[in-house]
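*Asks:* Dropping a structure here in structure tokens format, bear with me for questions.
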Amino acid sequence: MRKSLHPFVLVMGTGVFLFLLAPLVIILGAAFSDTTYLTFPPQGLSLRWFENVLAKQSFIEAFKTSLIVATFGTTFALIVGVPVAYALARYRSGLPSWYGSIFFLPVLVPEIVFGFALLKTVIVALELPVMTALLVGHTILAIPYAVRVVGASLAAFDFSAEEAAKSLGCPPVKSFFVVILPNIASGIVAAFILAFITSLNDVSISLFLTGPGVSTLPIELFTYVEQYFDPSVAAVSVLLMVLTVAVMVIVERSLGLSAVMR
Amino acid sequence: MSNASLSLEGISAFHDSNKVLDNLNIDVAAGELVSLLGASGCGKTTTLRVIAGFMQPSQGRVVLGGRELTHLPVHRRDIGLVFQNYALLPHLTVVDNVMFGLKQRGVSSSERRRKAMEMIEIVGLSRFVDRLPAALSGGQKQRVALARALVIDPPLMMFDEPLSNLDAKLRVDMRVQIRRLQTAGERTAVYVTHDQEEAFSISDRVAIMDAGRIVQLDAPEVLYKRPVNAFVARFVGFENIVPIEVVGRDGGDATVRLGKDTRIAMSEKDFGPIPDKALLATRPEGLQLGGEPGRAIPATLGLRTYLGRAYQYHCASDAGTLLAHGDVEKPQAPDQTAHLAINPAQSAILPYETPAASQEDA
Amino acid sequence: MSAPLMRHQFGRVAPLLLVLPGTLVVVLMLVLPIGDTFSETIGPQGDRLANYVKFFSSQYNWLVLNRTLSVAAMTTLISLSLGFFAAMMISRSRGQLRQVLMIASVFPLLTGAIVRSFAWMVILGRNGMVNQSLLSLGLVDAPVQLLFTQTSMVIGLAYLFTPLAILSLVGVLDAIDDSVLEASSSLGASPLKVFLQVTLPLAIPGLIVGGVLVFTGSLAAFATARLLGGESQMILPTLLHEKAMVSFDWTSASTIAAVMVVMTIAIILVANRIARRFNPAMG
């Protein structure tokens with residue numbers, strides 16, 4: 001039985017949601033416009049900007065790079081991050097209490113600072129290829145999600161189930177895969193998706209690491225917006241939104257959004 | 001200001017499209033404690049929420065001490081509420097919680113502190129004034145809630161299952177304390193509970209509710225002895241309810257038929273008038289083993305359980321399974337035949353209902 | 001060595017083995033590069049702080065620093081206020097409506113900073129919606145400069161971070177028991193007083209968490225600052241980028257980097273201190 005909302009809060013709250021959604025609607029309108037300049041509402045409808053974008057080799061290449069970097073960076077982060085989350089939840093007395101904070105350093109350090117630091121060390125000093133530097137940067141970007149989101153589902157897990165499995169004769173490593181992994185699977189999926197989307201949208205780290213030839217989609221868009229002001233960017237934005245909606249629908253169908261946002 | 005009479009006049013209320021209160025009328029006299037008793041969903045909490053102003057009735061009026069409350073917002077009703085889950089303000093200390101209502105009333109800070117401390121002492125929490133609610137036990141929290149509601153000296157106190165989160169021993173202590181404070185201040189009070197014993201022990205009158213209506217509103221003693229129907233009877237411990245039919249009358253004696261074809265004689269001198277068709281309700285202790293054939297119900301003994309002061313037997317009779325009591329000195333083996341004597345003091349003759357209707361409420 | 005002893009030792013080593021790869025990744029790829037960047041800011045012997053003295057003696061840098069902080073403060077204030085209304089609405093909704101509102105809050109968060117800043121370029125640009133409306137209503141004769149101002153930057157950042165504020169606040173508002181609010185009004189508190197004396201104090205933990213996220217986020221929001229603030233409205237991250245990639249003055253860039261990290265850490269420490277003082281024991 002919820003108390004009803006005060007009318008003032010209702011009006012203001014509705015206003016906030018309009019504020020959140022209206023710009024996205026405007027982008028949608030701009031993407032389908034048939035003028036060469038950006039206006040809203042659009043004068044006429046066309047798909048020319050989508051055609052324009054999909055024909056643009058630099059956008060396509062950058063999108064591929066973005067997907068590769070986001071997929072592998074997030075996967076690496078999970079491979080090293082899930083054991084950390086497990087150890088932090090399972091062996092509270094075996095590790096100093098501050099140890100978990102190490103894995104929140106990537107949140108503490110502004111991304112642009114980190115990107116610049118990677119440029120100086122990984123690219124200039126170590127002379128590693130751009131792709132490697134991007135993977136390094138995005139792995140670090142994803143680690144807090146791996147540790148925190150997976151950690152949250154581990155925190156809710158009763159480890160006596162693992163002990164029960166061992167008492168029934170299941171060896172330790174196997175009991176992790178048989179007992180724990182299935183129970184934190186939704187946490188891992190959630191961590192993957194959140195980190196993946198963050199990585200896919202990242203500007204500040206990639207900004208310093210992309211060079212001629214290798215670029216991510218946000219950087220390509222960023223450069224484009226700074227030079228041209230036409231609805232192509234709106235079209236790309238719409239395509240990215242469609243991708244985001246698709247991901248959200250899949251997550252909602254399989255896990256429920258609330259499970260992810262916790 | 002500490003006691004005013006409360007009247008609910010023809011209150012109806014809806015939840016979504018379900019009618020949860022159906023033309024409810026209750027008068028609570030000044031200084032009286034009336035309990036609303038019933039199973040969950042009977043409308044007792046809704047009644048309290050309508051009085052408090054958390055819910056608007058679709059019809060009817062709420063009048064407190066001559067002042068109509070029906071359309072007043074909650075914060076102007078001046079009712080002291082004690083909640084089931086205490087509802088203490090988690091960010092305020094004990095004394096700040098107790099002072100909260102006084103602060104809303106613009107009482108000066110020294111005066112509200114004095115009043116709060118006085119009330120905290122009455123509920124015995126002087127040692128805990130500066131604690132936060134999280135550092136208190138359930139019983140202590142409920143005493144803070146009580147002090148907080150009492151200190152504003154409201155014309156009406158209301159309790160929403162205040163003891164149901166406490167353990168059994170504390171529950172009994174707390175209800176004594178609530179009753180003591182209520183009678184000492186001659187406070188008008190409405191008390192919602194699903195616990196029959198609790199309601200009977202502290203109330204001047206109890207309203208037994210079912211499906212948004214009051215089935216019976218009487219003093220506990222009356223409810224206990226003279227339930228008006230099978231629903232109330234079951235609520236107050238008449239566990240055996242069987243339909244009876246008068247098949248012959250002989251002066252003050254009636255011959256009644258139970259079940260398929262058991263005939264016994266019942267005296268109207270003992271039981272009061274017996275209509276041609278009726279329900280006979282008895283408590284388990286009102287059916288005693290070793291009755292006189294012809295005036296007692298023949299049955300076969302089944303499961304025996306030990307209750308301390310007596311043995312209780314599940315007996316198979318023509319009218320179905322009956323609970324009866326037997327002498328604690330003479331335990332009986334199962335499968336014996338026995339006659340169950342009906343003690344009129346532990347029985348009641350109720351208006352006839354079809355078995356289906358009377359079963360539905362069970 | 002007996003088997004139980006080995007077991008015991010394995011039990012002590014296991015957590016270390018599990019955290020080793022993750023720790024190595026963070027230390028080698030984050031801590032070392034950052035440390036290296038910091039070390040570059042240390043001046044020659046005898047004048048270790050030379051770069052910081054230089055940074056802080058520039059009037060322009062102070063202007064940028066002030067702008068960064070005031071933009072972040074404004075953004076935080078706006079995002080938390082807007083977020084509070086939205087979060088109250090979510091927290092009071094049930095079922096499908098709540099789902100829809102949650103998605104409406106999360107969705108912008110999942111679209112990138114570029115997309116969201118670009119939307120505001122469309123709205124606030126010279127030929128944008130606002131200017132067109134103003135012109136057609138005859139309120140102005142020529143397009144007004146809305147873009148590349150501090151205001152456009154704050155609007156864009158508030159738009160970027162309001163969802164974070166909402167998510168930080170929904171949790172604390174959900175945790176407030178209805179009966180506590182009901183008890184407060186039954187004790188005579190008007191709706192406004194219930195809000196000020198009960199809801200708001202109980203939401204402080206969420207306001208602190210949300211405030212830190214928004215404030216530190218605004219300090220570092222490069223893309224939005226660049227697209228909506230432009231070159232005339234530099235804040236620290238855009239200045240860092242300019243020093244590093246345009247003037248190739250990596251020492252200055254490193255100094256800015258160090259200042260940004262110190263500021264972020266300082267804010268988090270202060271917030272922690274405030275949080276501890278206000279920590280209302282819930283439940």
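*Asks:* Which whole-Hz couplings ³J(HN,Hα) result when phi for each residue of segment A:7-15 is put into the Karplus expression 6.51 cos²θ - 1.76 cosθ + 1.60, θ = phi - 60°, listed in order with x for Gly and Pro?
*Replies:* x, 4, 5, 4, 5, 4, x, 4, x
*Asks:* Let me ask something additional. What percent does the relative contact order of chain A come to when contacts are Cα pairs within less than 8 Å and at least six residues apart?
*Replies:* About 29 percent, as a whole number.
*Asks:* Give me the one-decimal nm value for the distance between modelled label points at C:Arg98 and B:Glu245, 7 Å along each residue's Cα-to-Cβ direction.
*Replies:* In this crude label model, C:Arg98 to B:Glu245 measures out at 5.5 nm.
*Asks:* Please report, for the Cα atoms of segment C:132-186, the Rg to one decimal and the Dmax as a whole number; what are they, in angstrom?
*Replies:* Using the Cα atoms of segment C:132-186, the pair Rg, Dmax is 20.6, 57 Å.
*Asks:* Report, for the protein assembly as shown, the % of DSSP beta bridges that are antiparallel, rounded to 5.
*Replies:* 75 percent
*Asks:* Classify chain A: rounded, prolate or oblate, from the alpha-carbon gyration tensor (a ≥ b ≥ c, eigenvalue square roots; a/c under 1.5 rounded; otherwise prolate if a/b is larger than b/c)?
*Replies:* Judged from the Cα gyration tensor, chain A comes out oblate (a/c at least 1.5, b/c at or above a/b).
*Asks:* Here is a follow-up. Protein chains only, probe 1.4 Å: how do B:Thr70, B:Thr305 rank by accessible area, largest first?
*Replies:* Accessible-area ranking of B:Thr70, B:Thr305, largest first: B:Thr305, B:Thr70.
*Asks:* Search the structure for amide H atoms under 5 Å from the amide H of B:Gln216, placed 1.01 Å from N in the peptide plane, and list their residues when 5 or more places away or on another chain.
*Replies:* Those lying under 5 Å, H to H, from B:Gln216 are B:Ile208.
*Asks:* Let me ask another. Got a sec to turn the phi values of segment B:95-111 into Karplus ³J(HN,Hα) couplings, 6.51 cos²θ - 1.76 cosθ + 1.60 with θ = phi - 60°, whole Hz, x for Gly and Pro?
*Replies:* 5, 5, 4, 5, 7, 3, x, 5, 4, 5, 8, x, 5, 4, 5, 6, 5
*Asks:* If you don't mind, there's one more thing I want to ask. How much of the calculated P(r) for segment C:160-215 lies past 17 Å, in percent of all Cα pairs? Working shown, then result.
*Replies:* Numbers: 632 of 1540 pairs.
Everything past 17 Å amounts to 41 percent.
*Asks:* Sort A:Phe17, A:Phe8 from largest to smallest accessible area, using a 1.4 Å probe on the heavy atoms of the protein chains.
*Replies:* Order by accessible area, largest first: A:Phe8, A:Phe17.
*Asks:* Determine, for chain B, the count of lysine pairs separated by eight or more sequence positions (or lying on different chains) whose alpha-carbon distance falls under 26 Å.
*Replies:* Lysine pair count for chain B: 13.
*Asks:* How long are the semi-axes of the equivalent ellipsoid of segment B:260-327, defined as square roots of 5 times the Cα gyration tensor eigenvalues? Whole Å, largest first.
*Replies:* In descending order the semi-axes read 23, 14, 11 Å.
*Asks:* Report, ordered by chain and residue number, the aspartates and glutamates lying within cross-link reach of A:Lys120, taken as a straight Cα distance under 13 Å and ignoring same-chain residues fewer than 8 apart.
*Replies:* Within the straight-line cut-off, A:Lys120 pairs with C:Asp36, C:Glu40, C:Asp249.
*Asks:* Okay, next question. Convert each backbone phi in segment B:226-237 into a coupling constant with the Karplus relation 6.51 cos²θ - 1.76 cosθ + 1.60 (shift: θ = phi - 60°), then list the ³J(HN,Hα) values in order as whole Hz, x for Gly and Pro.
*Replies:* Karplus-based 3J(HN,Hα) across segment B:226-237 equals 10, x, 7, 7, 5, 4, 5, 4, 4, 5, 9, x Hz.
*Asks:* For chain B, what does the relative contact order come out to in percent, with C-alpha contacts under 8 Å and a separation of six or more?
*Replies:* 16 percent
*Asks:* Moving to a separate point now. Which far-off residues, 5 or more places away or on another chain, put their amide H under 5 Å from the one on B:Leu340, with H placed in the peptide plane?
*Replies:* Result for B:Leu340 returns B:Gly291, B:Ile297, B:Ala299.
*Asks:* Additional query: Stick to Cα atoms and the Kirkwood definition of Rh, then tell me Rg/Rh for segment A:135-262.
*Replies:* 1.13
*Asks:* Could you point to the residue in A:Cys170, A:Leu108, A:Leu126 farthest towards the positive end of chain A's charge dipole, with +1 and -1 charges on the Cβ of Lys/Arg and Asp/Glu respectively?
*Replies:* Farthest along the dipole direction, towards plus: A:Cys170.
*Asks:* Then there is this: Output the antiparallel fraction of DSSP beta bridges having both residues in chain B, as a percent to the nearest 5.
*Replies:* 75 percent
*Asks:* A follow-up question, please. Does segment A:89-198 classify as rounded, prolate or oblate by the C-alpha gyration tensor (a ≥ b ≥ c root eigenvalues; a/c under 1.5 gives rounded; else a/b over b/c gives prolate, otherwise oblate)? Display every interim value, and only then the final one.
*Replies:* Details: a/c = 2.52, a/b = 2.30, b/c = 1.10.
Prolate, because a/c is 1.5 or more and a/b exceeds b/c.
*Asks:* With the alpha-carbon atoms as the only input, what is the per residue convex hull volume for chain B in Å³?
*Replies:* In chain B, the Cα hull volume divided by residue count equals 165 Å³.
*Asks:* Further, regarding this structure: With the Cα gyration tensor of segment C:19-176 giving a ≥ b ≥ c as the square roots of its eigenvalues, does the rule (a/c under 1.5 for rounded; else a/b larger than b/c for prolate; else oblate) give rounded, prolate or oblate?
*Replies:* oblate
*Asks:* Where a Cα-Cα gap under 16 Å defines reach, which lysines qualify for A:Lys174, not counting those fewer than 8 residues away within the same chain?
*Replies:* Here the lysines satisfying the reach criterion relative to A:Lys174 are A:Lys166.
*Asks:* Please compute, for the alpha-carbon atoms of the protein assembly as shown, the extent along each of the three principal axes and give them in descending order in Å.
*Replies:* 119, 84, 62
*Asks:* Report the Rg/Rh value for segment B:155-225, based on alpha-carbon coordinates and the Kirkwood definition of Rh.
*Replies:* A ratio of 0.96.
*Asks:* Something else about it: Whole-Å semi-axes of segment B:1-77's equivalent ellipsoid, largest first, each the root of 5 times a Cα gyration tensor eigenvalue?
*Replies:* Numbers: eigenvalues 81, 44, 23 Å².
Taking √(5λ) for each eigenvalue gives 20, 15, 11 Å, largest first.
*Asks:* I need the fraction of alpha carbon pairs in segment C:13-70 separated by more than 20 Å, rounded to a whole percent.
*Replies:* When all Cα pairs of segment C:13-70 are counted, 56 percent exceed 20 Å.
*Asks:* What is the angle, in °, between the Cα long axis of helix B:138-150 and the longest principal axis of the Cα atoms in chain B? Nearest 10 is fine, range 0 to 90.
*Replies:* Here the helix axis deviates by roughly 70 degrees.
*Asks:* Just the projected area, averaged over all directions, of the convex hull on the alpha carbon atoms of segment B:1-136: how many nm²?
*Replies:* 9.9 nm²
*Asks:* OK, next. Per residue Cα convex hull volume for segment A:35-119, in cubic angstrom? Provide the component values of the computation, followed by the final result.
*Replies:* Numbers: hull volume 16.7 nm³, N = 85.
Roughly 197 Å³ of hull volume per residue.
*Asks:* In the P(r) worked out for segment B:66-163, what percent of Cα pairs fall beyond 17 Å?
*Replies:* Every Cα pair in segment B:66-163 considered, those over 17 Å come to 49 percent.
*Asks:* From the mean inverse distance of alpha carbon pairs (Kirkwood) and the Cα radius of gyration, derive Rg over Rh for segment B:232-361.
*Replies:* 0.95
*Asks:* Okay, next question. Give the relative contact order (percent, whole number) for chain C; include only Cα pairs under 8 Å separated by 6+ residues. Present the calculation step by step, with values, prior to reporting the outcome.
*Replies:* Values: 276 pairs, mean separation 69.0, N = 283.
Taking the mean separation of contacting Cα pairs over the length of chain C, I get 24 percent.
*Asks:* Restricting to segment B:232-361, what percent of DSSP beta bridges are antiparallel, rounded to 5? Walk me through the numbers on the way to the answer.
*Replies:* Details: 44 of 46 bridges.
Given both bridge residues lie in segment B:232-361, the antiparallel proportion sits at roughly 95 percent.
The values are calculated or read from the model by the stated rules, or taken from the named source; none is laboratory data. Note that the structure is predicted; figures quoted are calculated from it, not measured. Note that we place each Cβ from the backbone using ideal geometry, even for glycine, and neighbour counts take in every protein chain shown. Areas reflect the complete protein model, heavy atoms only, side chains present, ligands, DNA and RNA absent. Shrake-Rupley method; radii C 1.70, N 1.55, O 1.52, S 1.80 Å.
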